[in-house]
Amino acid sequence: MAISPLLRIALTGLLLGLLMARFGEAVVARLLAAQPTWLALALAITVAQTLLSAWRWRYTARRLDLPLGGADAVREYYLGNLVNQLLPGGVLGDANRAWRHGRTASGLSPAFQAVVIERVSGQLAMLGAVMIALIHWPAEPPDWRHYAGAGTGLLLVLATGGWLGRVHRPDDQPAWLGRWRHAVGQALLQRRVLGVQLATSALVVASYVAVYACCLLAIGIEAPASVWLPLIPLILLAMLIPLTVGGWGLREGAAAAIWPLAGLSAEQGITGAVVYGLVCLIGSTPGLLTLLRR
């Protein structure tokens, strides 16, 4: 059952309201003391992040024989990021990006395939980052049985996808499934292509972590990086749950829950999450230029 946009907005406000009622005074004090140099560096990294993401999208589209200029990819990616930041669900910007591309390319269906495949590439890299973070979890020794199970599951998914990419039985599948199988095979699962996709996505995920790290350094986090760096991918993972607006509320709630597990204060975790959210929002504002241009 789909969740209405109004309910997502209400959930965002409820989560933020509860957190601010409990930790608001300490969070505001830390926000006001944030160091602008680290914030400027975080914003600069978001530019590189968007350029890399736009290149990944363009690479995926070209694997599907879709025309997409470099400047257009950057402009549309900025707009998509802005929409994702401002509207509930976190995916409307990607849908809008695919729709706008499909109007000028060779059809909506291939354009949507390009965006979905590009985003799946990013999620695979994020899953890898989360697994690495769990292995280096600062609080307790990891339960290797859980990680081995997760790793085995990931390998099975990739192996199954690779098998589907090699098998060609159009008579046994619906036409749309055949088109998607072909698109995934062309733009993701071919050996050389998969390497390019995962390498690019790993750099994009690394840029997410770097931006978050700058936000934490801006608020003067006292703990060693070895303690808080493994926590960042888990906070980023919480943002992927499409229940609120731009990840607000879920990100801060996850930080409030996870930070104390590593011996850090919840106030510090929430403040870092808020700063990260603000940096992401400001970093997406060049998307307004795309709207003005059209």
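The values are calculated or read from the model by the stated rules, or taken from the named source; none is laboratory data. Treat the numbers as computed from the prediction; the structure is a model and nothing was measured. We place every Cβ from the backbone using ideal geometry, glycine too, and count neighbours over all the protein chains shown.
Helices (runs of 4 or more DSSP H) wholly in the range 174-260 with at least 3 residues that are more than 21 Å from T50 (Cβ to Cβ), modelled with pLDDT of 90 or more and not hydroxyl-bearing (S, T, Y) - which ones? Write out each step before concluding.
Working: elements: 175-184, 191-218, 225-228, 232-239, 250-258.
Ranges flagged: 191-218, 225-228, 250-258.
Here the condition is being crowded, with 21+ Cβ neighbours inside 10 Å and free of Cβ contacts under 8 Å to residues at least 40 places away in the same chain; of A254, A187, it holds for A254 alone.
What do you reckon, is I282 under 20 Å from L16 (Cβ atoms) and either within 17 Å of the chain's Cα centre (by Cα) or not in a helix (DSSP H, G or I) (or both)? Considered against the rule, which asks whether it is under 20 Å from L16 (Cβ atoms) and either within 17 Å of the chain's Cα centre (by Cα) or not in a helix (DSSP H, G or I) (or both), I282 comes out as yes.
When the range 30-60 is filtered for residues that are without any contact (Cβ under 8 Å) to a residue 60 or more places away in the chain and either more than 30 Å from S265 (Cα to Cα) or touching a Phe, Trp or Tyr at 6+ places or on another chain (Cβ under 9 Å) (or both), the ones remaining, listed by number, are L51, A54, R58. Candidates A95, A71: the one that is surrounded by fewer than 19 Cβ atoms within 10 Å (Cβ to Cβ), within 17 Å of the chain's Cα centre (by Cα), assigned to a helix (DSSP H, G or I) and without any contact (Cβ under 8 Å) to a residue 60 or more places away in the chain is A95.
This table checks each residue for (1) outside any helix (DSSP H, G or I); (2) of a type in the set (F, W, Y); (3) under 24 Å from P233 (Cβ atoms); (4) modelled with pLDDT under 95.
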position	(1), (2), (3), (4)
A44	no, no, yes, no
S53	no, no, yes, no
R58	no, no, no, no
G90	yes, no, yes, yes
G102	no, no, no, yes
S106	yes, no, no, yes
V120	no, no, yes, yes
L124	no, no, yes, yes
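Conditions (1) under 14 Å from L264 (Cα atoms); (2) surrounded by fewer than 18 Cβ atoms within 10 Å (Cβ to Cβ); (3) under 15 Å from the mean Cα position of the chain (by Cα), marked per residue:
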position: S201; (1), (2), (3): no, no, yes
position: V205; (1), (2), (3): no, no, yes
position: Y212; (1), (2), (3): no, no, yes
position: C215; (1), (2), (3): no, no, no
position: I221; (1), (2), (3): yes, no, no
position: P230; (1), (2), (3): yes, no, no
position: P242; (1), (2), (3): no, yes, yes
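Checked against the criterion of being farther than 20 Å from G246 by Cα, buried (at least 20 other Cβ atoms within 10 Å of the Cβ) and either among the small types (G, A, S) or in contact with an Asp or Glu (Cβ under 6 Å, 6 or more places away or on another chain) (or both), the range 41-55 contains not a single residue that satisfies it.
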